[in-house]
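Working notes, structure below.
The values are calculated or read from the model by the stated rules, or taken from the named source; none is laboratory data. Predicted model only: the values in this text are computed from it and were never measured. Note: ideal-geometry Cβ built from the backbone for every residue, glycine included; neighbour counts use all protein chains shown. Heavy atoms of the whole protein, side chains included, go into the accessibility calculation; ligands, DNA and RNA do not. Shrake-Rupley method; radii C 1.70, N 1.55, O 1.52, S 1.80 Å.
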Amino acid sequence: MPLTVRVISPDKTIWDAAAEEVILPSTTGQLGILTGHAPLLTALDTGVMRVRPSKNQGWTPIALMGGFAEVEEDEVTILVNGAERGDSIDLEEARAAFNEAQARLGQVKEGDRQGQIQANQAFKRARARFQAAGGMV
């Protein structure tokens, strides 16, 4: 029996389908979910979620912008601040945004704590989008 996976952002549902396996970017590291997983509630970091609809299909990457995931009785509900499927992201645009965010991260002054936090968040978002688009492995 497959998992039922739903990825829901404030403005739309990004994914609502069955899946064999899910890999989530939790705040403590990558978390794999298979059928029969124990009940779980976890915070998600900004990163790439990967969904495998069936054993015969490849992985579908989805860039997540933080949120929470609940696993209960083979249902995975993911509530996020924002999300984009990798196949809807323009690779070159994502590459440019990633390079720009990386450069900005290196330019933040050492004592500027708020600037460092903002630059780091922008970098994580740009990296997630770039990875989901297929720019990084």
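Taking the condition farther than 16 Å from T46 by Cβ and among the small types (G, A, S), does G86 pass?
no
Restricting attention to segment 32-79, report how many residues are in a strand (DSSP E or B) and open to solvent by 60 Å² or more (accessible area, probe 1.4 Å).
Let us first name the residues in segment 32-79 that are in a strand (DSSP E or B), namely 32-34, 40-52, 60-72, 75-79.
This time we only want the ones that are open to solvent by 60 Å² or more (accessible area, probe 1.4 Å), so: 34, 41, 50, 68, 70, 72, 75, 79.
The total comes to 8.
Taking segment 80-107, which residues are basic (K, R) and either open to solvent by less than 90 Å² (accessible area, probe 1.4 Å) or touching a Pro at 6+ places or on another chain (Cβ under 7 Å) (or both)?
Those that are basic (K, R) and either open to solvent by less than 90 Å² (accessible area, probe 1.4 Å) or touching a Pro at 6+ places or on another chain (Cβ under 7 Å) (or both): R85, R95.
Listed here are the residues, each with its yes/no results for (1) within 11 Å of F123 (Cα to Cα); (2) at pLDDT below 95; (3) not aliphatic (A, V, I, L, M).
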residue	(1), (2), (3)
G67	no, no, yes
T77	no, no, yes
N81	no, yes, yes
D90	no, yes, yes
Q102	yes, yes, yes
G106	yes, yes, yes
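For E110, are the conditions met, namely being open to solvent by 50 Å² or more (accessible area, probe 1.4 Å), among the acidic types (D, E) and either assigned by the TED database to the domain that holds A63 or assigned to a loop (DSSP other than H, G, I, E, B) (or both)?
Yes, satisfied.
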